[in-house]
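The next block holds one structure in the form of structure tokens; read it before the comments.
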Amino acid sequence: MPDVGRLARQRDESLSELRAFCNDQRRSASIGVVNRLLFIEDDDQIRLALRLALEDEGYEVMEAGDGTSGLASFERSEPDLVLVDLRLPDMSGFEVTRRIRSRSIVPIIIVTAQIDTYDLVAGLEAGADDYVTKPVVPKELAARIRALLRRVQLHEAPIASAKASVFGDLEIRREQGVVLKDGKPLPLTKTEFLLLCEFADHVGMVLSREQLLERVWGYDYLGDSRLVDAHVRRLRVKVEDQPDDPRYVVTIRGIGYRFQSP
């Protein structure tokens, strides 16, 4: 009887060699750098399946099986995007997200088996930019990753002709990608910065959640309104003097939000 485990290891080694060759060919044939992803997930099978799928999409994927090793890998490798499972053996994905966000504005996608609104919103408010639920559809995940990385590139591209926009005590310096409040820089994530810029481009206009999903998260984005609401709450905490009584980003019940200059 054949040794199933040995055959499986040989298959994985062959696949790894083939993917390494293909990745080398992609690098040599294309201009630019292959995006590096960090996937923090304790389930070996899920980690393997998604790594294979994302490598087939042209990404370089690093893995970690718990929060501690994931944070260490983040410090060593400086990935372009992080995927974090919310249920890890040593610490919660919320804590991992908060620690990464406290030192970096790298895009973060939380991966969870939970569909509970509280968990999803808590993950987003911990600093994640997006989320996917298990079982993960690889093509959908790849589309969300592309959308986030595309926004990063747009955010980092210099805008030489753009002038600073001033609204009360807020100053948006688009060419630098920063926002000042009373002259002090605010620690906005890339998504929060783009959300604020979208509001600033439409002062006095009501923007629906669907419009914000399209304009800030990308036209090919598959999401729901909780993503917008969670980021608006995070944005208010940073730009408003009284987040529960906002003067900049006002809720229009049943429709969306309106940005107004005091």
- Note on the structure: Taking the range 72-97 and keeping residues aliphatic (A, V, I, L, M) and surrounded by fewer than 20 Cβ atoms within 10 Å (Cβ to Cβ) leaves 72, 91
- Item | helices (runs of 4 or more DSSP H) wholly inside the range 76-159 containing at least 1 residues that are among the basic types (Lys, Arg) | 93-103, 138-156
- Can you run down the residue pairs with Cβ atoms below 8 Å, 6 or more apart or on separate chains, where the first is in the range 82-103 and free of Cβ contacts under 8 Å to residues at least 40 places away in the same chain and the partner is open to solvent by 40 Å² or more (accessible area, probe 1.4 Å) and of a type outside the set (A, V, I, L, M)? 86/92; 86/114; 90/66; 90/68; 91/66; 91/68
- Please tell me if residue 253 is in contact (Cβ under 8 Å) with a residue 12 or more places away in the chain and out of contact with any Gly (no Cβ under 6 Å at 6 or more places or on another chain). no
- Task: Starting from the range 35-51, keep only residues that are of a type in the set (Lys, Arg), then list their pairs with residues that are assigned to a helix (DSSP H, G or I) whose Cβ atoms are within a distance under 9 Å, requiring at least 6 positions of separation or different chains.
- Result: 36/77
- Candidate set from the range 108-155 (those that are touching a residue at least 40 places away in the same chain (Cβ under 8 Å) and hydroxyl-bearing (Ser, Thr, Tyr)); member that is least open to solvent (accessible area, probe 1.4 Å): 131
- Can you spot a residue in the range 52-72 that is in contact with a Ser or Thr (Cβ under 6 Å, 6 or more places away or on another chain), in contact (Cβ under 8 Å) with a residue 40 or more places away in the chain and assigned to a loop (DSSP other than H, G, I, E, B)? no
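So that you can scan it fast, the table gives a plain yes or no per residue for (1) surrounded by 14 or more Cβ atoms within 10 Å (Cβ to Cβ); (2) of a type in the set (Phe, Trp, Tyr); (3) modelled with pLDDT under 90; (4) within 27 Å of the chain's Cα centre (by Cα):
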residue	(1), (2), (3), (4)
25	no, no, yes, no
36	yes, no, no, yes
40	yes, no, no, yes
46	yes, no, no, yes
56	no, no, no, yes
64	yes, no, no, yes
- Item | Residues of the range 98-107 satisfying the condition of being open to solvent by less than 20 Å² (accessible area, probe 1.4 Å) and more than 20 Å from residue 59 (Cα to Cα) | 100
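The values are calculated or read from the model by the stated rules, or taken from the named source; none is laboratory data. Just so we're clear, the structure is a prediction, and the values are computed from it rather than from any experiment. All Cβ positions, even for glycine, are placed from backbone atoms using ideal geometry, and neighbour counts span all protein chains on display. To get the accessible areas, we keep the full protein, side chains included, count just its heavy atoms, and leave off ligands, DNA and RNA. Shrake-Rupley method; radii C 1.70, N 1.55, O 1.52, S 1.80 Å.
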